Amino acid sequence: MIARRLLSTLSALAMLSLAALPACAQDGSFDAYMRQVAAKARAEGVSEATISALLTGLTPNDRVVALDRGNLSGSDTSGFPPLAPYLRDHNTAARIEGGRRAYARLRPIAAEVEARYGVPEPIVLAIWGHETSYGAVKGNFDLVRSLATLAWEGRRRALFEPELIDVLKIADTGVPRSELVGSWAGAFGNPQFLPSVYLRLAVDGDGDGRRDIWNSEVDTLHSIANYFRDAGWRRGVPWGVRAYAPNSVNRAAIETRMVSPACPRVHVRHSQWKTVREWRELGVIPQGAISDDTLAALFEPDGPAAPSYLLTQNYRVILEYNCSNYYAMSVGLLADEIAR
């Protein structure tokens, strides 16, 4: 969800001016479009005071447009880069140790969160670690301006216009403009929620009357766990386990026949679903604790000669947070390291 993974490769594009880019998909002026948004927000109950305070005098952010265009043009379609370098870059010793320190410090809350939502605390902490380095890097883009720019630009208006109206609704609850900052793509707070996700799933875990995913560690952990429960996390089932897959396994025979309607390039890399018992019969032996009745897919991200994994339905829940095998694998493996 967070856009920081793109920033290092898009720094050159970030300095481009709007005039240097192709014309926006929307022919109307930015001000005229903001008046349309104001009318829609008003119809959805946003107060006039909030509309005026947040939309008056707003201008498009050239850097946001450049980053968004770079995101489009920079997408890889030629193959699958190896997982191992990604893991080295993201599951660093510092990130692992940071997660372990947070786990030790927040252990009493961990038990409450896991009991309430059924989501293991190491998974929740791994999301927090990947998204914002446990709250250290949350982004400094003005959310209203970023979302307004992305909605006006037009390429993904169906996504960003509702998010813009939702961030106005958040402001209407009393959240100050100074806290409404985050990634260039509109995600914010410790878990990098989009505004619509915040309104639907953020939790006041500490009972102070505010869903504070910016400053409250308790609210942050409850909110991430609530997201996972809502996405279908199954209590007591691991995200996946390392597995031994011998050369005798006929890889062609276990290729998936399904085409996922969402993120097909992610799911096409997973095998057919089989029970762990069936995998054992084929010679695939799990290297961690997992029930023989659990359905799992075989994933060999760097080929048969590299580490293999049996992935469960809970792995797909991690993909709901960010539909990338690299992201989901690194979250699962980071959680395992935190729990050691």
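Where a number appears in this text, it was derived from the coordinates with a stated rule and is not lab data. Everything numeric in this text was worked out from a predicted model, so none of it was measured. Please note: Cβ atoms are built from the backbone with ideal geometry, for glycine as well, and neighbour counts cover all protein chains shown.
With each label point set 7 Å from Cα along the Cα-Cβ vector, what nm distance links V259 and D292?
3.8
Can you bin segment 240-311 into rounded, prolate or oblate? Criterion: square roots of the alpha carbon gyration tensor eigenvalues sorted a ≥ b ≥ c, rounded for a/c under 1.5, prolate for a/b above b/c, oblate for the rest. Walk me through the numbers before you get to the answer.
Numbers: a/c = 1.60, a/b = 1.35, b/c = 1.18.
Prolate is the answer for segment 240-311, as a/c is 1.5 or above and a/b outweighs b/c.
Okay, which of segment 298-329 sit inside 19 Å, backbone N to the point 7 Å along the Cα-Cβ direction of N250?
Residues 298-299, 304 qualify, since their backbone N sits under 19 Å from the label point.
For the chain, take the longest principal axis of its alpha carbons; what is the angle in degrees between that and the long axis of helix 121-132, to the nearest 10 within 0 to 90?
Helix 121-132 and the main axis of the chain meet at about 50 degrees.
Taking a ≥ b ≥ c as the square roots of the eigenvalues of the Cα gyration tensor of the chain, is the shape rounded (a/c under 1.5), prolate (a/b larger than b/c) or oblate?
Working: a/c = 2.20, a/b = 1.55, b/c = 1.42.
Since a/c reaches 1.5 and a/b is larger than b/c, the shape of the chain is classed as prolate.
Could you list F228, F193, F188 in order of exposure, starting from the residue whose Cβ has the fewest other Cβ atoms within 10 Å?
Numbers: F228 22, F193 26, F188 29.
So the residues, fewest neighbours to most, are F228, F193, F188.
In degrees from 0 to 90, rounded to the nearest 10, what is the angle of the helix 107-117 Cα long axis to the longest principal axis of the chain?
For helix 107-117, the angle is close to 90 degrees.
Placing unit charges on C-beta atoms (Lys and Arg positive, Asp and Glu negative, everything else neutral), compute the dipole magnitude of the chain about its Cα centre in debye, rounded to 20. Before the final figure, lay out the partial values.
Numbers: 37 positive and 37 negative charges, 102 e Å.
The calculation lands at about 500 debye.
Considering only R257, R100, R269, give the residue with the highest GNM mean-square fluctuation for the chain, with springs between Cα atoms whenever their separation is below 10 Å.
R257
Mean-square fluctuation check for the chain, GNM, Cα pairs under 10 Å: which of V167, V268, V197 is largest?
The residue with the greatest mean-square fluctuation here is V268.
Using +1 on the beta carbon of Lys and Arg, -1 on that of Asp and Glu, and nothing else charged, what's the dipole of segment 240-311 about the Cα centre, debye to 20?
Working: 8 positive and 7 negative charges, 32 e Å.
The calculated dipole for segment 240-311 is roughly 160 debye.
Pop a pseudo-label 7 angstrom from the Cα along the beta-carbon direction at both D89 and A306 and give the gap in nm to one decimal.
1.3
Does segment 289-340 come out rounded, prolate or oblate by the C-alpha gyration tensor, with a ≥ b ≥ c the root eigenvalues, rounded set by a/c under 1.5 and, if not, prolate when a/b is larger than b/c and oblate if not?
Values: a/c = 1.19, a/b = 1.07, b/c = 1.12.
Cα axes put segment 289-340 in the rounded bin.
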